[in-house]
Amino acid sequence: MTSAIEMRKLTDVELVAALNDARQEAFNLRMQEVSGQLKDYSRIKQLKKDIARLLTVQRQRELAAQVVREENNG
């Protein structure tokens with residue numbers, strides 16, 4: 001998954017699962033790099049970007065929920 005548009009279509013649960021999967025894959029790739037078995041170094045860079053996008057979408061949802069709560073209370 002590389003598109004922010006695709007990431008925004010995910011539910012909150014799917015978003016958390018995708019984030020956990022990406023972090024696990026990044027960890028595995030780092031272990032392969034250390035052991036000298038990594039073949040595709042560009043995948044690490046792509047995963048870092050995907051993780052950042054997922055975190056951004058997650059934060060945007062948190063902020064949107066906060067605005068809605070404030071509007072309902074105010």
One residue from Leu29, Leu63, Leu10 being of a type outside the set (Asp, Glu), part of a helix (DSSP H, G or I) and surrounded by 14 or more Cβ atoms within 10 Å (Cβ to Cβ): Leu29
From Gln46, Gln37, residue being of a type in the set (S, T, N, Q) and assigned to a helix (DSSP H, G or I): Gln46
Candidates Ser35, Ser3 - the one that is among the hydroxyl-bearing types (Ser, Thr, Tyr) and under 12 Å from the mean Cα position of the chain (by Cα): Ser3
Candidate set from the stretch 50-60 (those that are surrounded by 11 or more Cβ atoms within 10 Å (Cβ to Cβ) and of a type outside the set (A, V, I, L, M, F, W, C)); member that is farthest from the chain's Cα centre (by Cα): Gln60
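Quick check on my filter: what residues within the stretch 11-32 are under 17 Å from Arg61 (Cα atoms), over 11 Å from the mean Cα position of the chain (by Cα) and not charged (D, E, K, R)?
Correct list: Thr11, Val13.
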Matching entry among Ala52, Ala26 (being touching a residue at least 12 places away in the same chain (Cβ under 8 Å), under 30 Å from Ala64 (Cα atoms) and of a type in the set (A, V, I, L, M)): Ala26
Among (1) surrounded by 14 or more Cβ atoms within 10 Å (Cβ to Cβ); (2) more than 17 Å from the chain's Cα centre (by Cα); (3) in a helix (DSSP H, G or I), the one test that Arg69 misses: (1)
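Read-outs: derived from the displayed coordinates by stated rules, not from any lab. These numbers were taken from a predicted model, which means no experiment stands behind them. Using ideal geometry, Cβ is built from the backbone for each residue, glycine included, and neighbour counts are taken over all protein chains shown.
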